Amino acid sequence: MTTGDDELAGGLAALARDLAILRIENGNPSLRTIEREAPANRPLSPSAVSEVLNGKRLPRIDFLMALVHTLITHGSGGRPPQRRDPRLDAWRVRWRELQLLQATHRLSLPPAAPTGPAGALAEPAAEDGTADTSPPADDASAEKTPRPAVPVSGTDHPVALRHDEVRVFVAMPGSTMGDTAGWSSIPEIRRRLLEPVATRIGEILGRPATLVVEKEKTATGAVHRSMFAEALDADVYIADLTGGNANVYLELGVRWALRDGVTVPISQDVGDVRFNASSSRVIPYGPMPDQLADAIRRIADAAASGLRDPRRVDSPVRDGADLVVVERAELEGLRHEIRGLREAQAEDLVEAALRSSSKARRIELLRLAVARNPASWRGYFELGVALRTDGWYDEAEDRLRTAVTLKEDFAPAWREIGLTLSKGGAPGDDGPRYEAATQAFDRALALDGDDPETWANLGGLHRRRARTSDVFDETALEKALVCYRKASRLSGNSTYPLMNTARVQLLLSAVRHEDLTPVVERLRQLHHLALFAVHDSEGRDPWALFDLADTLLLTGRGDEGLTELDKAIARLGPTERDVAIASVAEPFRDLLRVADRLPAGTADAVRSALAVCAAAATPSAGP
């Protein structure tokens, strides 16, 4: 073996060893288990997996990644790795390195000379240059000895000649050359014409040539599958049209449909060629020495000339047609790769959007992300959130519902649907939006009952529901209070649910004509926590400042509260200002409905706060 052989064999052995380790680390699933748990769009048959695990050959990238993905998923209790998981990236790098090594090794191989008589059926060569005696994988996508590349019409770059064998296939009558044939002995035609043609092709190209005649194959199975496979695979396709055999014409038509070249029609009587094939250049042959010599030379020269120029098209079907033929497995691999690239690009766009400080730019990038990858549930989710925060509630709901269609068990998306419905308009007495929002929140909590944000958002929904009539709905306020308390227990010292709990308690106590002193004292205690939250964010979080302002406005320190309110509004970005101010103003309006029950000075402070909000909002979007 050469140094290149050693490197390639060593690389494949190392890949097989590391795959075996990965398999053991992830529960050592059987080959049948791997087959059963493989991705639906990328089957992994036991025989194909066995070949890869034994280091016999380098698999396709989609096969390797499906195997690694399946093993990791099995070891993680059914939880698949994310597409950008570094564990997957490492295997992609390994595959690229081995592919480069394999390609370099192939280019370094010297031209091989035929080891037997021209026309003898040769063992296909393995990638390391030795005969491959291993049993073939029953998986059509497992790596095989590379088939010749299919020439592409109109390619700008000629393909370099390979050092592997030239496959010369002959389609000819199986038992008789027909009534019009002057030379009827098929064995003689093979020995005196076809074998010398294969020999001459090999001599011209400096490569071994293998002659294959369909009728001489001994393997069992459907003959049409074998015949039509040769129409695609053969480097040189010789169609003997002598006697007008219908099957030969059919095979020739298939060849012309599948390959640009090299196809060489021959016949003992060119005048007897039928149908549209008669317009093609058909090479005549016969048993006389001068006829044979001329036919051998012309057939071999036509074949060699076509192989030297991959851009040449000799198929009347494909001439001028912009068509390329690829194997089904290769096509699926390309589709898989394209999906991966689109997903990667969409993920990159999502990441770029989330880094953008401009809300308009963020929405633009997210729209582009879902256009690039319509299956990106994350893209639709983030777009829905961005649209909701910008006040585009109807479109936000549509994008979020697409997200849960793609990923039905994603609790945050259901939460955002509920929030979008609750923000998107005041429900009427029948409450269709309220009911739909409640169902969305319930779905989110069924998936993740310990999410404090969902509980707090549901509390906000019930609080808005409570204000839909002239008199506050106490039942809805009670529901809001329960939700805010649940959110408070789950989120610890977060001021958001704690302050909302206090606001609803103050409102309920006022509606019920109860003593407000305990609630006011609670707000004084929360002042310290709100002050800490402001300091902790170094005064940059407007919502911490809003909470601090409320603790002052509702405990008799109105002037200080208005000062903090001004600071909070100043911290709002221009694109979020109106939505945020409207949200802040709602609880103030609630309190003014029970102004006569508030402590002295508190109602005036609330009125002043509403005036500040109105002055800060865009005129057409005042609170």
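No value in this document is a laboratory result; all are computed from the given coordinates. Given the structure is predicted, the values throughout are model-derived calculations rather than measurements. We place every Cβ from the backbone using ideal geometry, glycine too, and count neighbours over all the protein chains shown.
Please state the shape class of region 3-108: rounded when a/c is under 1.5, otherwise prolate if a/b exceeds b/c and oblate if not, all from the C-alpha gyration tensor.
It comes out prolate by the Cα gyration axes.
Spin-label point model (7 Å from Cα, Cβ direction): what's the Glu576 to Ala293 distance in nm?
It is 9.2 nm.
For region 166-325, what class follows from the C-alpha gyration tensor (a ≥ b ≥ c being the square roots of its eigenvalues): rounded when a/c is under 1.5, otherwise prolate if a/b is larger than b/c, else oblate? All intermediate terms of the calculation are to be shown ahead of the outcome.
On the way: a/c = 1.25, a/b = 1.14, b/c = 1.09.
It comes out rounded by the Cα gyration axes.
How do the peptides 41-51, 91-101 rank, highest first, by the average count of neighbouring beta carbon atoms within 10 Å per residue?
Details: 41-51: 18.6, 91-101: 14.7.
Going by the mean number of other Cβ atoms within 10 Å, highest first, we get 41-51, 91-101.
So what's region 448-506 giving for Cα Rg divided by 2.2 N^0.38 Å, two decimals?
Scaled against compact globular proteins, the figure is 1.06.
Per residue of region 551-565, what does 6.51 cos²θ - 1.76 cosθ + 1.60 with θ = phi - 60° give for ³J(HN,Hα)? Whole Hz please, x for Gly and Pro, Karplus curve as stated.
Residue by residue, region 551-565 yields 4, 7, 4, 9, 10, x, 10, x, 4, 5, x, 5, 4, 5, 5 Hz.
Normalised by the residues of region 166-325, what does the relative contact order come to in percent, with Cα pairs under 8 Å and at least six apart?
Values: 250 pairs, mean separation 43.7, N = 160.
The value is 27 percent.
Report the full-extension gain for the segment Ala600 to Asn41: residue separation times 0.36 nm, less the Cα-Cα distance, to one decimal in nm. Mind dumping the intermediate values first?
Working: separation 559, 0.36 × 559 = 201.24 nm, distance 7.04 nm.
So the extension gain works out to 194.2 nm.
Between Ile338 and Ser537, how high is the FRET efficiency from 1/(1 + (r/R0)^6) when r is the Cβ-Cβ distance and R₀ = 45 Å? Nearest 0.05. Please report the intermediate quantities before stating the final value.
Numbers: r = 44 Å, r/R0 = 0.99.
With R0 = 45 Å, the Cβ-Cβ based efficiency is 0.50.
Under 5 Å between amide H atoms, partner at least 5 residues away or on a different chain: which partners does Ile266 have, H built in plane at 1.01 Å?
Amide H to amide H, under 5 Å and 5 or more residues apart or across chains, Ile266 pairs with Ala239, Asp240, Leu241, Ile283.
How much length, in nm to one decimal, is gained on full extension between Asp301 and Ala614, taken as 0.36 nm per residue of separation minus their Cα-Cα distance? Walk me through the numbers before you get to the answer.
On the way: separation 313, 0.36 × 313 = 112.68 nm, distance 8.97 nm.
Gain in length upon complete extension: 103.7 nm.
With a cut-off of 8 Å between alpha carbons and a minimum separation of six or more residues, what is the relative contact order of region 3-108 in percent? Numbers along the way, then the final one.
Working: 93 pairs, mean separation 35.2, N = 106.
Reported relative contact order: 33 percent.
Sort the following peptides by mean Cβ neighbour count (other Cβ atoms within 10 Å, averaged over residues), highest first: 372-382, 463-473. Show your work: numbers first, answer last.
Details: 372-382: 21.5, 463-473: 17.1.
Descending packing order for the listed peptides: 372-382, 463-473.
Quick query: amide H of Leu323 versus all other amide H atoms, modeled in the peptide plane; which residues come in under 5 Å with a sequence gap of 5 or more or a different chain?
Sorted by chain and number, the residues that satisfy this are Ser153.
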